[in-house]
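> The structure that follows is given in the form of structure tokens.
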Amino acid sequence: MKRILTGILCTGMTLYAAQNSATFSKLFGGDEDDVAKAVVKTENGFLVAGKTKSFTKHRDFDAYLIKIDSKGKKIWSKVYGGEDDEEANDVVRFEDGYVFVGSTETYGNERMSFYMVRVDDAGKMLWQSAFYRDEDDEYYGTSLAARGKELVFAGYERHLQFFGEKLNPYVFKTDANGDRLWGGYYGGKEEDRAREIIKTDGGYLIVGDTESLGDNDPDMYMAKISESGKREWYTGFGGDDDDIAYAVTRTDNGYLLVGSTDSFGRNYKSVYAVRTDRNGKKIWSNIYGGTREDEAFGVTRSADGGFVIVGRSESFSRRKGFDLYLLKIDGKGKVLWERTYGGESDDAGYDIIALEDGYMIVGEQKTPRRRDSDVWILKVDLNGRL
């Protein structure tokens, strides 16, 4: 199969977007670091969540929301947080507004706590909450899912020990006001992380990485939990080196996990995809990329039964560094097309959602002179083209 890789500078993308309103490439931010980590569809556009240093008073990160219309025009942007670092790592629609999850150093135990904020459609804060179990530990919020009037948050606890640390996935459910209903740990005796959670029939699926199931190097981790928080099963995938799941999506009869692997590549990280049935049994696995570092951070299902994966690639960059990496595979893992997009410095895509006429991608683009990041939002067509 012929490999198609496209490298486009930011200036070129801006000109093309002006000529074709169905696709676009937009940068948002200021003079400091600004990063987009997640995107969700709204009634007339999209809401993007991440973090910013450009629009804060204390030169630390604040959580950052940007609402845009369907053509990428900004409707509003707002920051959330206090004197220290905050970030938003995931966002969902919830009733007539939105909820995001991330981490905070300002609130909670003032080390690092889960940070949950509910806003209305205009971005006005309805409530914010910080969650932790121990004053001396750190808690990182990575993902959330909404079901009815309840919310489930996922992340991990970093328990500091005299000779090291212990990482353990932590998941908890709250009501619509952020009041906790249940919570628990879902790891083993070694270091494990939960990086994404999605709804399933009768419960939830968490994915991430685990050292408890492998040979003391991380393996891809997935665990099914019930609506009441009981772990029903768990499993891992990987080889002798580091293997991490950053994202997951449902298939007709199971799940597709994507991330990175050091075990099966060419002495560099490769994009790693594993398809399973609904009970976590592997159907197939595959690696993608080239002869340098390549990683996947997001995945969505296409209307034809395939999958579109986004991340970053050093292998296919036209210069030293990373470009945003976009590839489509069919249901059996065969590559249908690949694209790269980037500027003069490192770029990455962290989340992707499928639309009727294409895909919405969010991430970051490094500025060539300052080496700071701007929020990067791309709308591509069904073939991955701008």
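The values are calculated or read from the model by the stated rules, or taken from the named source; none is laboratory data. Small disclaimer: the values here were computed from a predicted structure and weren't measured. Neighbour counts are summed over all protein chains in view; Cβ atoms, including those assigned to glycine, are modelled from backbone coordinates with ideal geometry.
> Among (1) farther than 29 Å from Asp33 by Cα; (2) in a loop (DSSP other than H, G, I, E, B); (3) in contact (Cβ under 8 Å) with a residue 40 or more places away in the chain, which single condition is Thr291 missing?
(3)
> Quick one: what pairs do we get from the range 346-363, first residue assigned by TED's automatic domain parsing to the domain that holds Ser313 and of a type in the set (Lys, Arg), second assigned to a strand (DSSP E or B) and surrounded by fewer than 24 Cβ atoms within 10 Å (Cβ to Cβ), C-beta under 9 Å, 6+ apart or different chains?
Listed by first residue and then by second, the contacts come to nothing, as the list is empty.
> Condition (residue is of a type in the set (S, T, N, Q), farther than 28 Å from Phe61 by Cα and not assigned by TED's automatic domain parsing to the domain that holds Ile68) applied to the range 326-344: is it met by at least one residue?
yes
> Let me ask you something else. Thr210 versus (1) of a type in the set (Ser, Thr, Tyr); (2) outside the structural domain of Asp90 (by TED's automatic domain parsing); (3) surrounded by 18 or more Cβ atoms within 10 Å (Cβ to Cβ): which is the lone unmet condition?
Thr210 satisfies all of (1) of a type in the set (Ser, Thr, Tyr); (2) outside the structural domain of Asp90 (by TED's automatic domain parsing); (3) surrounded by 18 or more Cβ atoms within 10 Å (Cβ to Cβ) except (2).
> Same structure, new question: What's the total number of residues in the range 181-214 that are more than 22 Å from the chain's Cα centre (by Cα) and among the aliphatic types (A, V, I, L, M)?
So the answer is 2.
> Consider Ala22 carefully, then state whether it is at pLDDT below 95 and part of a helix (DSSP H, G or I).
Spelling it out, it is not the case that Ala22 is at pLDDT below 95 and part of a helix (DSSP H, G or I).
> Mind checking which residues of the range 305-330 are touching a residue at least 60 places away in the same chain (Cβ under 8 Å) and hydroxyl-bearing (Ser, Thr, Tyr)?
Within the range 305-330, Ser317 is the sole residue that qualifies.
> When only residues in the range 264-277 that are more than 22 Å from the chain's Cα centre (by Cα) and not in a strand (DSSP E or B) count, which is modelled with the highest pLDDT?
Phe264
> Sort out which residues of the range 247-263 are out of contact with any Gly (no Cβ under 6 Å at 6 or more places or on another chain) and among the hydrophobic types (A, V, I, L, M, F, W, C), and write them in order of number.
Those that are out of contact with any Gly (no Cβ under 6 Å at 6 or more places or on another chain) and among the hydrophobic types (A, V, I, L, M, F, W, C): Val248, Leu256, Leu257, Val258.
> Quick check on this structure: which one of Gly333, Gly342 is touching a residue at least 60 places away in the same chain (Cβ under 8 Å) and either surrounded by fewer than 22 Cβ atoms within 10 Å (Cβ to Cβ) or of a type in the set (Phe, Trp, Tyr) (or both)?
It is Gly333.
> Within the range 372-386, restricting attention to residues that are aliphatic (A, V, I, L, M) and over 17 Å from the mean Cα position of the chain (by Cα), which residue is farthest from Ser345 (Cα to Cα)?
Once the filter is applied, the top-ranked residue is Leu382.
> Report, by residue number, each residue of the range 156-184 that is surrounded by 15 or more Cβ atoms within 10 Å (Cβ to Cβ), within 27 Å of Gly259 (Cβ to Cβ) and not aliphatic (A, V, I, L, M).
Correct list: Tyr156, Glu157, Arg158, His159, Lys166, Asn168, Pro169, Tyr170, Phe172, Lys173, Gly183.
> Looking at (1) under 18 Å from the mean Cα position of the chain (by Cα); (2) surrounded by fewer than 22 Cβ atoms within 10 Å (Cβ to Cβ); (3) not basic (Lys, Arg), can you tell me which one Gly306 breaks?
(1)
> Which residues, taken from the range 29-48, are part of a strand (DSSP E or B) and farther than 22 Å from Ser103 by Cβ?
Lys41, Gly45, Phe46
> When the range 233-261 is examined, which residues are found to be surrounded by fewer than 15 Cβ atoms within 10 Å (Cβ to Cβ) and outside any loop (DSSP other than H, G, I, E, B)?
Correct list: Trp233 only.
> Report yes if Trp284 is assigned to a strand (DSSP E or B) and not assigned by TED's automatic domain parsing to the domain that holds Asn216, otherwise no.
yes
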